[in-house]
């Protein structure tokens, strides 16, 4: 039997895996990293490290940035230098100790020590400005948007430097949602103009500093951005929704990038979830998408689920499909 | 090219800084405000179609709507009291328990561009609030309810049922990522649209 890592490599190279990869099993997320992120708990409102107000109301499954007139950080992107201040990268002595200890405890022959990075460059633009305002600014103030994205890129590179120096991750899981369920937010040409070079720098830096695996999360349609993803250096696109034609993408790009997802969280992850529902969804995706260049997974951006038990129940069904199809 | 044609073209490609001036020039040439407005409505129909077909994306739709709004600002004082071009008032909101507003805002913009007066109730709107808003506003012809989460589908159903149970003479259109035409029909909605561009087309059809 192959190790988790060996099996993943067989999947990613179109070789001979002996089972389906079970969702995030190959990543050991180190969540004790002193990221400096300020996030609300359920029922709370916080001002995060960039000055963005984030609210998580009771009864909701996630938090939201608040962009009304009283809370928006950046109304006019041409004034970004005045209002956007990157958080400090300084950490008190010992801040990394727990994360380093957690990384050292990982069996690196079997799993990838993984750092988590979020939100990404595109998400940062709309966290700061609000979605509509950010999207219009790509047209109306392209120079200022380029400057802002360059600034955010420099921050990401500083953070990347701290991660590789302290943690020596083998993998990163980097979030940046680039689309809705049915479309990308930006046209492929606009996406390329504003984000390709920045991500080439960021992911290139990680690759040049010992990171073997770049996992990028975008739970959306983004099939039209796959050539850019490959050029950026993404190894695994996580969060691939069924609205993308996954079998076609595997056929066209599988030897260059692996697709992780295919299980619609909206179908399986809700208060009335059932094992049968999950079984049907996992069976469908495993049968449709095959054994190589594909990792069956929910589209959640971390190992886990919104409703307790769903993630584990999904693993059980992936194992069943291994028995059936391998 | 006629000024009116120029207005039409510039709205379509979202020239937000040019449209107000062009509308003024079109007026100065003697074109009727209603005619200029109709040209912009027609442009937005094209924009909506291109968005629905995947030819353009959200930023292009947003700047086109913004360009039209700049033109409408010029026409508004000249058209005060003239309701002939209006398709009535549309109440819009995201249903109770759901805080997603981006999709709803896009739909609102596109329905407004089609000729409706919009009343936006925001997000997390209880079913009864839709009914109150219908009663509070004049000439309400349409209510648009948005739901983005599978967990808030029951709230969408409740909103539609409450509006229908009120007996008020309005049409109800629903939409949002998990909503299907079948679900819309099942909960008693009069219409469904899969995206903002189609929502504008459907809204016009529903009140025609």
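Derivation of every value follows stated rules applied to the coordinates shown; laboratory data play no part. Keep in mind that this is a model prediction, so the values were computed, not measured. Note that we place each Cβ from the backbone using ideal geometry, even for glycine, and neighbour counts take in every protein chain shown.
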Zone reached by a paramagnetic label modelled 7 Å from residue B:17 Cα along Cα→Cβ, restricted to segment A:117-154 with backbone N below 16 Å, covers A:136-146
So for A:218, B:166, A:88, A:298, fewest C-beta neighbours within 10 Å to most, what's the order? A:88, B:166, A:218, A:298
Sequence of A:260, A:124 once ranked by neighbouring C-beta atoms within 10 Å, starting from the fewest: A:124, A:260
Determine the relative contact order of chain A: mean sequence separation of Cα pairs under 8 Å and six or more apart, normalised by residue count, in whole percent. 18
What shape does segment A:9-80 have by the C-alpha gyration tensor, where a ≥ b ≥ c are the square roots of the eigenvalues, rounded means a/c under 1.5, and otherwise prolate means a/b greater than b/c and oblate the rest? prolate
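With the Cα gyration tensor of segment B:43-190 giving a ≥ b ≥ c as the square roots of its eigenvalues, does the rule (a/c under 1.5 for rounded; else a/b larger than b/c for prolate; else oblate) give rounded, prolate or oblate? Intermediate values should be presented prior to the final figure.
Numbers: a/c = 2.06, a/b = 1.28, b/c = 1.61.
Judged from the Cα gyration tensor, segment B:43-190 comes out oblate (a/c at least 1.5, b/c at or above a/b).
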Where in segment A:29-45 is the amide nitrogen less than 20 Å from a point lying 7 Å along the Cα-to-Cβ axis of residue A:70? A:40-41, A:43-45
Translational diffusion coefficient (Stokes-Einstein; Kirkwood radius from C-alpha pairs) of chain A at 10 °C, 1.306 mPa s, in µm²/s: 77
Would you mind pulling out the separation of the Cα centroids of segment A:1-52 and segment B:90-120, in Å? 36
If we count other beta carbons within 10 Å of each Cβ, what is the order of A:168, A:264, A:174, fewest first? A:168, A:264, A:174
Sum -39500 (n - 2.57) across every DSSP H segment of at least 4 residues in chain A, then divide by the residue count to get the 222 nm mean residue ellipticity, nearest 500. -12000 deg cm²/dmol
So how much slack lies between residue A:144 and residue A:168, counting 0.36 nm per residue of separation and subtracting their Cα-Cα distance, in nm? 5.2 nm
As an exercise, use a Förster radius of 22 Å and the Cβ-Cβ distance of residue A:16 and residue A:316 to find the FRET efficiency, rounded to the nearest 0.05. 0.35
Kirkwood Rh (inverse of mean 1/r, distinct Cα pairs), segment B:3-79, angstrom: 12.0
Which whole-angstrom value gives the distance between the alpha carbon centres of segment B:172-188 and segment B:21-78? 29
Modelled label-to-label distance, residue A:274 and residue A:158, 7 Å Cα→beta-carbon offset: nm? 5.3
